Ligand code: GLC
């Protein structure tokens with residue numbers, strides 16, 4: 001980690017903005033992704049945020065993670081939202097999820113009923129490598145958290161992989177984190193929602209963000225249809241696996257699981273625990289990703305629709321995440337890099353990495369996960385490219401990401417057509433926490449992950 005004296009002036013003001021953003025979003029024990037649009041604590045956001053906090057408020061990093069795991073269910077599931085305090089400015093809130101009183105639910109906090117990509121093992125591994133990671137407080141905290149993160153991974157392997165393939169499925173597009181990716185369109189469109197209630201008037205997101213940047217009402221109706229189905233199934237994964245029209249083995253989710261498994265092995269060693277079970281899980285997942293989700297003809301990774309038994313042949317930035325997991329051969333890496341520099345950039349001088357390939361008909365430069373650039377994806381891409389020896393490309397992604405944040409601020413996502421000469425737009429909400437937190441990490445820590 002570099003000291004603040006080594007950070008160039010422009011980046012110092014970016015750092016200040018990042019810290020102000022995180023401070024402004026802090027709420028007595030946890031951080032909101034953004035006060036305007038997301039007034040609770042979100043799962044993978046919380047991991048990225050904790051990493052940013054570790055640079056200047058390390059005791060808050062501990063509080064952030066501890067607050068997140070207050071929501072952990074008795075069966076190990078880590079929910080995608082913790083509703084620590086009521087807030088009417090969000091839909092769907094706890095009254096829609098109806099998880100209170102579930103035997104397997106959280107005894108401490110009201111939560112949603114689905115999860116998000118696992119991040120805490122690799123976030124804690126990274127914090128462990130910072131100076132704060134050497135303190136007794138942090139080491140004690142790692143011992144506290146290890147069994148909880150292990151339980152989270154065990155939940156995925158025992159409840160989300162019915163055939164024992166090594167690939168876990170997501171049961172809602174919100175579990176992917178890449179919520180509105182066109183990869184889920186076909187599966188969602190196939191859901192018969194005739195006669196199902198219209199939820200458009202309940203939406204709160206459209207009060208603060210342009211509808212052009214957000215999912216459609218037809219999509220929202222399907223999102224809530226799935227939630228109602230989960231309630232009917234008592235949130236039991238085996239019942240949901242039998243009945244739900246939406247089951248996807250997601251490439252981003254499984255790649256992040258691999259990266260987290262690897263980090264969990266390191267944490268296990270640090271606390272003197274046995275890591276053989278984690279290593280067994282992981283070996284199966286790595287093999288299955290490269291067998292089932294890699295398409296040799298296209299030279300790309302795709303998610304798999306488990307319900308309809310078909311590969312989802314649509315190029316999105318999630319297809320690069322096996323790089324982050326460190327599991328690609330040189331030949332695979334080179335084909336991915338080819339796609340990246342040809343299809344995930346909008347033109348000469350423009351920025352990587354669009355969330356959907358520009359040559360996909362579904363590409364939309366301003367709509368949520370259908371084209372815009374996201375900082376967390378770029379951060380994982382940066383590390384994935386480095387891990388595979390593409391250092392120059394990796395540094396390019398990092399510089400472009402920092403330049404976007406410097407010029408435009410801590411937006412949730414960015415129009416990829418934005419360049420130095422074409423003042424572009426930050427999209428979604430401003431004051432977005434993970435953009436700030438990951439900027440701090442990109443500036444301060446050049447170690448590979
Ligand atoms: C959006 C993103 C999701 C994130 C949430 C809170 O819904 O798609 O990944 O967790 O916002 O920031």
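The values are calculated or read from the model by the stated rules, or taken from the named source; none is laboratory data. Keep in mind that what you see is a predicted model, and the values were worked out from it rather than measured. In this analysis, Cβ positions are derived from the backbone assuming ideal geometry, glycine residues included, and neighbour counts consider all displayed protein chains.
A few points about this structure:
- Region 374-389, subset in a helix (DSSP H, G or I), under 13 Å from the mean Cα position of the chain (by Cα) and closer than 13 Å to residue 48 by Cβ, residue nearest to the ligand (Cβ to nearest atom): 376
- All positions within region 308-325 that are in a loop (DSSP other than H, G, I, E, B) and out of contact with any strand residue (DSSP E or B) (no Cβ under 8 Å at 6 or more places or on another chain): 308, 309
- The number of residues in region 313-326 that are surrounded by fewer than 23 Cβ atoms within 10 Å (Cβ to Cβ) and touching a residue at least 40 places away in the same chain (Cβ under 8 Å) comes to 2.
- A single entry from 400, 338 fulfils the requirement of being part of a helix (DSSP H, G or I) and over 29 Å from residue 174 (Cβ atoms): 338.
- Condition check for residue 188: over 18 Å from the mean Cα position of the chain (by Cα), surrounded by 13 or more Cβ atoms within 10 Å (Cβ to Cβ), at pLDDT 95 or above and under 21 Å from residue 238 (Cα atoms): yes
- Residue 179 satisfies every condition listed in (1) within 16 Å of the ligand (Cβ to nearest atom); (2) part of a helix (DSSP H, G or I); (3) in contact with a helix residue (DSSP H, G or I) (Cβ under 8 Å, 6 or more places away or on another chain) except (2).
- Filtering region 73-88 to residues that are more than 14 Å from the ligand (Cβ to nearest atom) and either closer than 13 Å to residue 107 by Cα or surrounded by 22 or more Cβ atoms within 10 Å (Cβ to Cβ) (or both) leaves 73, 74, 75, 76, 77, 84.
- Scan region 228-254 for residues that are surrounded by fewer than 21 Cβ atoms within 10 Å (Cβ to Cβ) and at positive phi and the total you get is 1.
- Residue within region 133-149 that is surrounded by 23 or more Cβ atoms within 10 Å (Cβ to Cβ), within 22 Å of the chain's Cα centre (by Cα) and closer than 17 Å to residue 258 by Cβ present: yes
- Residues in region 96-134 that are part of a helix (DSSP H, G or I) and touching a strand residue (DSSP E or B) at 6+ places or on another chain (Cβ under 8 Å): 1 in all.
- Odd one out for residue 371, checked against (1) touching a strand residue (DSSP E or B) at 6+ places or on another chain (Cβ under 7 Å); (2) more than 16 Å from the ligand (Cβ to nearest atom): (2)
- Here the condition is being farther than 28 Å from residue 323 by Cβ, away from the ligand (no atom under 16 Å from the Cβ) and in contact with a helix residue (DSSP H, G or I) (Cβ under 6 Å, 6 or more places away or on another chain); of 192, 237, it holds for 237 alone.
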